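The values are calculated or read from the model by the stated rules, or taken from the named source; none is laboratory data. These numbers come from a predicted model, not from an experiment. Cβ sites come from the backbone with ideal geometry, for glycine too, and all protein chains shown count toward neighbours. Ligands, DNA and RNA are stripped out before the accessible areas are found, and what is left, the full protein with its side chains, is counted by its heavy atoms. Shrake-Rupley method; radii C 1.70, N 1.55, O 1.52, S 1.80 Å.
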Amino acid sequence: MQMSMQQIDTTQSLRQIIAAHRELKRTVGLVPTMGALHAGHAALIRRAVAENGVVIVSDFVNPTQFNNPMDLRAYPRQLSQDAQLVKALGADILFAPSVEEMYPEPDERVFDLSPLDSVMEGAKRPGHFNGVAQIVSRLLTLVMPDRAYFGEKDYQQLLIVQRLVKQLELPVEIVPCPIVREEDGLAMSSRNQLLSAECRREAPRIQQALRGAADILSAQGIEAARQWVTEEINRGGVLQTEYVSFASADDLMPMSNYVPGVTMGFVAVQAGNVRLIDNCKY
C-alpha cells in the first residue's frame, strides 16, 4: 500500500527519513529536478519508482548554474502542482529546499570537468556545468542514493554527472533515460511553457531538422549536414540557431567524419526569449 508522500524542505529532515528507510533495507532512488515538472520528469519518476524501494524527487531551482540572472528569474516555478504530480506518480519524498538550506555558505568548489565542459553548452554558458556539479554533488552526498535518474535531453549534463560520480568515487548508478517528446516532436522542457504561440508552432522544426540530417550525414558528410540543419531551423524566420555540433557520443568532441553509432547531433536554438536544446543519435 502506497504511503502518503512527504514534502520536506530541510536537509536534517531528509537525512532522518532516509536513515529510517535504510534501516528497513530499502533501495533509494533520486530524481533531481528544478521543478516545473512535465511528462519527461514523470517518466524519470515512474522508472525510479519501479526500480527502488523509496524514491526522492528534489525540486530546486539551482542559482549557481545560471549565468544569466534574467533566465534564473524567468525560470518557471510551480511547487504545488509539482507536489501533486510527484504524489500521483508514487514517489515517497519531495525535497524542496530553499537556496539558504542548500547553500548555507557560498559554494566555492571548482570541478575539473574538462574537456566535457569546454564545448557546446559549456562554451556558451560559462560556469553553468560547475554549478550543475555543485548541486548534483550536494544532492548525491546528502541522499547517497543507489540510483539517480537523468534525462538524455541534457546529454552533455548526463556525461558530466557520470564523470563527477567517478571523480568523487560515489557508489551511485547514474541511470540515463530517453528523451520524452510532445506529439509533434518537440523535446519536453520546463522552458516550453514560456514559448510564445508563434515560437511554439515553429519549435518542432528543431527535431525535424536533426532527424532529417541523417541522410545528408551519410551521403555528404558532417559539414553539409551542419549547414543544412542550420538553414532548416532558421528557415521560418522565427527560430535562430545558436550552434549545431556533430560530436562523439562518448566525449562530445567535434567530429570531422561521420561514424555511424558514434556521431550525435546537438543544437541550441533561440526561440524568442527562450533557449531550447535538443540532440539526436545517428
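A single entry from Gln81, Gln134 fulfils the requirement of being at pLDDT 95 or above, surrounded by fewer than 17 Cβ atoms within 10 Å (Cβ to Cβ) and not basic (Lys, Arg): Gln81. Between Asp59, Asp117, the distinction of being crowded, with 17+ Cβ neighbours inside 10 Å, within 29 Å of Arg22 (Cα to Cα) and charged (D, E, K, R) belongs to Asp59 only. Identify all residues within the range 165-181 that are out of contact with any strand residue (DSSP E or B) (no Cβ under 7 Å at 6 or more places or on another chain) and in a helix (DSSP H, G or I); write none if there are none. Across the range 165-181, the qualifying residues are Lys166, Gln167, Leu168. The single condition among (1) under 20 Å from Arg181 (Cβ atoms); (2) crowded, with 18+ Cβ neighbours inside 10 Å; (3) in contact (Cβ under 8 Å) with a residue 60 or more places away in the chain that Gly265 does not satisfy is (3).
Here's the yes/no breakdown for (1) surrounded by 13 or more Cβ atoms within 10 Å (Cβ to Cβ); (2) at pLDDT 95 or above; (3) among the aliphatic types (A, V, I, L, M):
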residue	(1), (2), (3)
Ala225	yes, yes, yes
Glu231	no, yes, no
Gly237	no, yes, no
Phe246	yes, yes, no
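Note on the range 124-145: residues that are in contact (Cβ under 8 Å) with a residue 40 or more places away in the chain and more than 14 Å from Arg163 (Cα to Cα) amount to 12. Taking residues in the range 184-199 that are closer than 22 Å to Cys280 by Cα and open to solvent by 20 Å² or more (accessible area, probe 1.4 Å), and partners anywhere that are assigned to a helix (DSSP H, G or I) and of a type in the set (A, V, I, L, M, F, W, C), the pairs with Cβ atoms closer than 6 Å and at least 6 places apart or on different chains are Met188/Ala39.
Scanning the range 62-98 for residues that are in contact with a Leu (Cβ under 9 Å, 6 or more places away or on another chain), among the β-branched types (Val, Ile, Thr) and more than 14 Å from Arg46 (Cα to Cα) yields no hits at all. Only residues that are open to solvent by less than 50 Å² (accessible area, probe 1.4 Å) and of a type in the set (A, V, I, L, M) were counted in the range 120-131, giving 1. Just give me the residues in the range 9-52 being assigned to a loop (DSSP other than H, G, I, E, B) and aliphatic (A, V, I, L, M), in sequence order. Hits for the range 9-52 are Leu24, Met34, Ala36, Leu37. When the range 93-149 is filtered for residues that are more than 28 Å from Thr27 (Cα to Cα) and assigned to a helix (DSSP H, G or I), the ones remaining, listed by number, are Glu100, Glu121, Gly122, Ala123, Lys124, His128, Phe129, Asn130.
Just one of the numbered conditions (1) touching a helix residue (DSSP H, G or I) at 6+ places or on another chain (Cβ under 7 Å); (2) of a type outside the set (Gly, Ala, Ser); (3) surrounded by fewer than 18 Cβ atoms within 10 Å (Cβ to Cβ) is not true of Lys25: (1). Ile179 falls short on exactly one of the conditions (1) closer than 30 Å to Arg235 by Cβ; (2) open to solvent by less than 40 Å² (accessible area, probe 1.4 Å); (3) β-branched (Val, Ile, Thr), and that condition is (2).
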